[in-house]
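First up is the structure itself, then whatever we jot down about it.
None of the figures in this text is laboratory data; all of them are computed from the coordinates on show. The model shown is predicted, which means the values in this text are computed figures rather than measured ones. Backbone-built Cβ (ideal geometry, glycine too); neighbour counts: all protein chains shown.
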Amino acid sequence: MRLTDLDPADRPRERMLQHGAEALSDAELLALFLRTGQRGEDVLAFASRVLHEAGGLAGVFAHDGRALAGIRGIGPAKQAELRAITALAQRYLASALTKPDAVRDPAGIADYFALNLRDRPQEVFAAAFLDTRHRIVAFEDLFYGTIDGASVHPREVVRRALHHRAAAIIVAHNHPSGSCEPSPADIAVTRRLREALALVDIRLLDHFIVGEGRPLSLAARGLL
């Protein structure tokens, strides 16, 4: 069954146009992208099943697409379309952060880090390099580890910051366990980074920890 086969009052597209996206469930929003159901399964039931089998929206839009493998009705074309949505969201957030005062809004940069790091199966330490007006000039994954931790080398962070002629940087890493609470090692590496960057007159503005829910800001915790 296609979306156009549904009763007009039940069509997610019409309801979104009339009431806004907040009026739709996750399954209804996903149905807008899937467009058609499967044999014996209308598009809304199909969207609900995909969410269940993928482990929720995080699985559906994971950057590597592994959660979608083997789900009936999700072939390579649908996988590519769903992964493209994540890529568009990442590029939208990145473009917004190039505005002169964008990084003065902590929520914007936190969302950008979360979208890039939350679904990674191992720890990844990333950095956003900022110019003198605090606009992002580059974003890089710098270090990879296991779910037990990542080895961060301040000298390499300084080298990349100088390469990009950054005036400041914001760093983040994910906790695949889902907990955003900083470990003693997280706090220690943050302070080592701050001291190393200060030697070359580059400011460390924040260190976010990405897990479930909102990313945690070490600067807001007074731990920077």
Item to check | For segment 37-44, Karplus couplings with θ = phi - 60° (6.51, -1.76, 1.60), whole Hz, Gly/Pro x | outcome: x, 10, 4, x, 8, 6, 5, 5
Checklist entry - Sorted from fewest to most neighbouring beta carbons within 10 Å, what does the list 44, 204 look like? => result 44, 204
Checklist entry - By count of other Cβ within 10 Å, fewest leading, how are 143, 61, 113 ordered? => result 143, 61, 113
Next on the checklist: Ratio of alpha-carbon Rg to the 2.2 N^0.38 Å globular estimate for segment 101-217, to two decimals, please.
Outcome noted: 0.97
Checklist outcome for this item: Ranking 29, 127, 200 by how far each Cα lies towards the positive end of the charge dipole of the chain (+1 on Lys and Arg Cβ, -1 on Asp and Glu Cβ), the top one is 200
Checklist entry - What spacing in nm lies between the two simple spin-label points modelled at residue 143 and residue 81, each 7 Å away from Cα in the Cβ direction? => result 4.2 nm
Next on the checklist: Can you tell me how segment 3-90 classifies by the Cα gyration tensor, rounded, prolate or oblate, using a/c under 1.5 as the rounded cut?
Outcome noted: oblate
Checklist entry - Relative contact order, percent, of segment 3-90 when contacts are C-alpha pairs under 8 Å separated by at least 6 residues? => result 18 percent
Next on the checklist: As an exercise, find the ratio Rg/Rh for segment 167-224 from alpha-carbon atoms, using the Kirkwood inverse-distance average for Rh.
Outcome noted: 0.99
Checklist entry - Which values of log₁₀ I(q)/I(0), to two decimal places, follow from the Debye formula for segment 152-196 at q = 0.18, 0.25, 0.31 Å⁻¹ with a uniform point scatterer at every Cα? => result -0.61, -0.96, -1.20
Checklist entry - Using only the Cα atoms, what convex hull volume per residue in Å³ does the chain have? => result 130 Å³
Next on the checklist: Neighbour counts of other C-beta atoms within 10 Å: give me 25, 48 arranged from fewest to most.
Outcome noted: 25, 48
Checklist outcome for this item: So residue 13 and residue 35, fully extended at 0.36 nm per residue minus their Cα-Cα distance, gain in nm 6.9 nm
